[in-house]
Amino acid sequence: QVQLVESGGGLVQAGGSLKLSCIASGRIFSAMAWYRQAPGNQREVVAEMTAGDRINYADSVKGRFTLSREKAKSSLYLQMNSLKPEDSAVYYCHATWAASGRIDESWGQGTRVTVSS
């Protein structure tokens, strides 16, 4: 059974830092990503590591957020620096893998990040 467990969210002042962790179990994943969803907004990708280990960032977080992954442990991390109030959202870990000729996916339960001005 696949499980993704996020941690590391919290309340921080603007300009501060947080590090999110996603500990996955159940299998090795081909691609992993962090998404976020603010109230009233659609869920959006923040940073992703593709199956080819390429890292992509949303324009809004480039230069401030750093994605890293321990592939053997299926763990994913997001170091968030210079946080802004607009970064406030629930952050979700997402993983995909190939199985039986299709792509499966799983989501974590989310961890809330609140950035005060």
(request) Leaving ligands, DNA and RNA out of it, work out the accessible area of Ser75 with a 1.4 Å probe and give it in Å² to the nearest 10. (result) 10 Å²
(message) Quick check: from the Cα gyration tensor, does the chain come out rounded (a/c under 1.5), prolate or oblate?
(response) prolate
(request) With the full set of protein chains in place, find how many percent of the accessible area of segment 75-114 is carbon and sulfur; take the probe as 1.4 Å. (result) 46 percent
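Please identify the trypsin sites (Lys or Arg not before Pro) of segment 55-117 that satisfy two criteria: DSSP loop assignment and at most 14 other Cβ atoms within 10 Å. Which are they?
Details: sites: Lys62, Arg64, Arg69, Lys71, Lys73, Arg102, Arg112; in loops: Lys62, Arg64.
For trypsin sites (Lys or Arg not before Pro) across segment 55-117 that sit outside H, G, I, E and B with at most 14 neighbouring Cβ atoms in 10 Å, the list reads Lys62.
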(message) So if each residue of separation counts as 0.36 nm, and I subtract the Cα-Cα distance between Gln42 and Asn56, what length gain in nm does that give?
(response) 3.2 nm
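Rounded, prolate or oblate: pick one for segment 1-56, where a ≥ b ≥ c are the square roots of the eigenvalues of its C-alpha gyration tensor, a/c under 1.5 means rounded, and failing that, prolate if a/b is larger than b/c, else oblate. Present the calculation step by step, with values, prior to reporting the outcome.
Values: a/c = 1.77, a/b = 1.54, b/c = 1.15.
Here segment 1-56 falls in the prolate category.
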(message) Need the list of aspartates and glutamates near Lys71 for cross-linking: C-alpha distance under 14 angstrom, and skip anything on the same chain fewer than eight residues off.
(response) Glu48, Asp53
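How big is the dipole moment of the chain about its Cα centre under a simple scheme where the beta carbon of each Lys and Arg is +1, that of each Asp and Glu is -1, and everything else is neutral? Debye, nearest 20, please.
On the way: 13 positive and 10 negative charges, 35 e Å.
Its charge dipole is roughly 160 debye.
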(request) Report ³J(HN,Hα) in whole Hz for each residue of segment 28-36, in order, from the Karplus equation J = 6.51 cos²θ - 1.76 cosθ + 1.60 where θ = phi - 60°; Gly and Pro get x. (result) 8, 9, 7, 9, 9, 7, 10, 10, 8
(request) Determine the per residue accessible area of the chain with all protein chains present and a 1.4 angstrom probe, expressed in square angstrom. (result) 53 Å²
(request) Kindly write out, for segment 101-109 in residue order, the coupling ³J(HN,Hα) from the Karplus curve 6.51 cos²θ - 1.76 cosθ + 1.60 (θ = phi - 60°), rounded to whole Hz, with x marking Gly and Pro. (result) x, 9, 9, 9, 9, 8, 10, x, 7
(message) Could you work out the relative contact order of segment 32-117? I mean the mean sequence separation of Cα pairs under 8 Å and 6+ apart, divided by the number of residues, in percent.
(response) 27 percent
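The values are calculated or read from the model by the stated rules, or taken from the named source; none is laboratory data. The model shown is predicted, which means the values in this text are computed figures rather than measured ones. Please note: Cβ atoms are built from the backbone with ideal geometry, for glycine as well, and neighbour counts cover all protein chains shown. Accessible surface is based on the protein model in full, side chains and every heavy atom, while ligands, DNA and RNA are left aside. Shrake-Rupley method; radii C 1.70, N 1.55, O 1.52, S 1.80 Å.
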